[in-house]
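Since every read-out is calculated from the coordinates, none of them should be taken as a lab result. Treat the numbers as computed from the prediction; the structure is a model and nothing was measured. Glycine also receives a Cβ, built like all others from the backbone with ideal geometry; neighbour counts cover every protein chain displayed.
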């Protein structure tokens, strides 16, 4: 299973099963505002402070989307953001016996962070191609490790499970620039700093198979989860 396929599965798992009610509420709120926008972007994730000390060299990569609506004719926009990033993947061969024959199956494990936040953004309406903005966010991060087990024929997963999942408070702020590309589309460059309360999590290499006991051993880490999140994407304005 490649990175893109695994990331697609994680998107289905998080958004469909966990955040469907939130996204449904966002869709209902579209009619409240005269002007709204949908932002879609690629994002990176850089641990800082205590989180960086626990997982040095870690870098996450993923996607995010947000919907915001303008509050009457003010420069204030309110909305919600949801995203997911993978910060570690590993693949290992598993030997099994099927009907007396030895087969080698593939176990793919991914370490991920899902994010959902409410956003308050201030963006003055400037008659200029480049428009700056600042924003504040409050919500949650979900750190989780999940695996899938597949045979050599690439069929549907034989087994899949979430080995560790921890919700944590997340809050912070950031800013960015909209660079106008057309009447209703802009390049979106932003940087956010999100503080995160203490969480339990694992990274690549923290799950090992012990041949002596025929069981997995887990190295569970615990720390605050502060991060810097640079991103680049597109913003679509809807009147």
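Going by C-beta contacts inside 10 Å, put 76, 43 in order with the fewest on the left.
76, 43
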Space enclosed by the convex hull of the alpha-carbon atoms of the range 170-219, per residue, Å³: 145 Å³
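Efficiency by 1/(1 + (r/R0)^6): what FRET value for residue 198 and residue 160, r their Cβ-Cβ distance, R0 = 22 Å, to the nearest 0.05? Could you put the intermediate results ahead of the total?
Values: r = 28 Å, r/R0 = 1.26.
Using R0 = 22 Å, I get an efficiency of 0.20.
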More than 18 angstrom apart: percent of Cα pairs within the range 108-185: 63 percent
